[in-house]
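Enquirer: Mind looking over this structure? Questions follow.
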Amino acid sequence: MINIEILKKRVNQARDILDNVRIDISTNGDFINYNNLDGLNLNRLHIMDYDMKGINYWKNKLMDSGCGILDVIECKSKILATHKDATKVIVIYNWPENKEIEDRAGIITEDIFYEDKESNKKRKVKYKNNRDNRSVKCYEPFINISINYLGEVNPCCHIRTELEEFEDMSFGNVFKNTVYEIFYSKKANRFRDKLRKDVSEYPDMCKRCNKIRYKKDDSIIEHFDNHLKKIENGEYDG
């Protein structure tokens, strides 16, 4: 269950510290109500209707939560709305039948089905990209940083070290070292070295992951290496 007061506190801390920061939240919408949205101070709220609650449910819930509905795009199963504390609110209703899923970090072990309300039949959720064979290199740990609620710095936002299967994957903890020290640590660089190889030699969790945020672009790795070399040569420290 989400602690809404801590969430609001963290959002406001981020806005105090970072200039021109954009803060988005993606959610199944369970926590959405009038009091929880009040003062949340987001740029975008993206709601995915995993439970197939449908267009009428979400139109009513948005209005009850203080949102103004701007448009309904039925061909895309999308509701566009706004709120005084969330500039853009997007609902993708009946999400499983309209979207493809990504097996991020390769943790899905069996097919996922949803109930088709019109036919009363179970239908298999479609997968995005190739679920069984990653075809493009992953650049996530070279350019992004993911910190969980315990302060653990993860290789990416999909390898969640609070889960038992990934608990030994943390690069470090921000309560013990700086983000800078952790991001350029030996453990982090050893993990990146594994992703320099052909995708067929990736760790299992990465080989099975079909999240592809960037097309093939090894200049991302070259940029990271040039930056790291300057740090090692003492040209600058950040």
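The values are calculated or read from the model by the stated rules, or taken from the named source; none is laboratory data. Just so it is clear, the model here is predicted, and its values are computed rather than measured. Every residue, glycine among them, receives a Cβ derived from its backbone with ideal geometry; neighbour counts consider all protein chains shown. The area values use the complete protein model at the heavy-atom level, side chains included, leaving out ligands, DNA and RNA. Shrake-Rupley method; radii C 1.70, N 1.55, O 1.52, S 1.80 Å.
Enquirer: Return the loop-located trypsin sites (Lys or Arg not before Pro) in region 188-228 (DSSP other than H, G, I, E, B) with at most 11 other Cβ atoms within 10 Å of their own Cβ; answer none if there are none.
Expert: Those that pass, being in a loop and sparsely packed, are LYS197, LYS215, LYS216.
Enquirer: Taking a cut-off of 17 Å between Cα atoms, list the lysines near LYS122, but don't count ones fewer than 8 places away on the same chain.
Expert: Those lysines meeting the cut-off are LYS53, LYS99.
Enquirer: Using mean Cβ contacts within 10 Å as the protection proxy, how do 87-94, 21-28 order, highest first?
Expert: 87-94, 21-28
Enquirer: Still on this model: Points 7 angstrom from Cα along the Cβ direction at VAL72 and ARG44: gap in nanometres?
Expert: 2.3
Enquirer: Report the calculated FRET efficiency for ASN226 and TYR57 (r = Cβ-Cβ distance, R0 = 35 Å), to the nearest 0.05.
Expert: After rounding to 0.05, the efficiency reads 0.10.
Enquirer: While we're on this one: Using helices alone, what [θ] at 222 nm do you get for the chain, with -39,500 (n - 2.57) per DSSP H run of 4 or more residues, divided over all residues and rounded to the nearest 500?
Expert: Computed mean residue ellipticity for the chain: -7500 deg cm²/dmol.
Enquirer: Kirkwood hydrodynamic radius of region 167-211 from all distinct Cα pairs, in Å?
Expert: When all Cα pairs of region 167-211 are included, the Kirkwood radius is 11.8 Å.
Enquirer: Mind checking the dipole of region 112-226: about its Cα centre, +1 per Lys or Arg Cβ, -1 per Asp or Glu Cβ, Debye to the nearest 20?
Expert: Dipole size: approximately 600 debye.
Enquirer: Ok, one more. Would you mind getting the accessible area per residue of region 119-222, heavy atoms of the protein chains only, 1.4 Å probe, in Å²?
Expert: Spelled out: the 1.4 Å probe surface of region 119-222, per residue, equals 62 Å².
Enquirer: Ignoring any ligand, DNA or RNA, what whole percent of the accessible area of the chain comes from carbon and sulfur when the probe is 1.4 angstrom?
Expert: The C+S portion of the solvent-accessible surface of the chain is 46 percent.
Enquirer: Okay, next question. Averaged per residue, what accessible surface does region 1-92 expose to a 1.4 Å probe, in Å²?
Expert: I get 59 Å² per residue for region 1-92.
Enquirer: One quarter of the convex hull surface, Cα atoms only: what value does that give for the chain in nm²?
Expert: Averaged projected hull area, Cα only: 15.3 nm².
Enquirer: For VAL125 and ASP30, calculate 0.36 nm times their separation in residues minus their Cα-Cα distance, and state this gained length in nm to one decimal.
Expert: 32.1 nm
Enquirer: Suppose every K and R has +1 on its Cβ and every D and E has -1 on its Cβ; what is the size of the dipole of the chain about the Cα centre, in Debye to the nearest 20?
Expert: The dipole magnitude comes to about 500 debye.
Enquirer: Right, next: When you count, for each residue, the other Cβ atoms within 10 Å and take the mean per peptide, how do 41-48, 74-81, 12-19 rank with the highest first?
Expert: Answer by packing, highest mean first, reads 41-48, 74-81, 12-19.
Enquirer: Quick one: of LYS78/LYS216; LYS78/LYS124; LYS8/LYS215; LYS176/LYS197, which pairs are farther than 25 Å apart, Cα to Cα?
Expert: In this structure, LYS78/LYS216; LYS8/LYS215; LYS176/LYS197 exceed 25 Å between Cα atoms.
Enquirer: Now for a different question. Over all Cα pairs of region 1-80, how is the pair count split among 10 Å bins, expressed in % and running from 0 up to the last occupied bin?
Expert: 15, 49, 28, 8, 0
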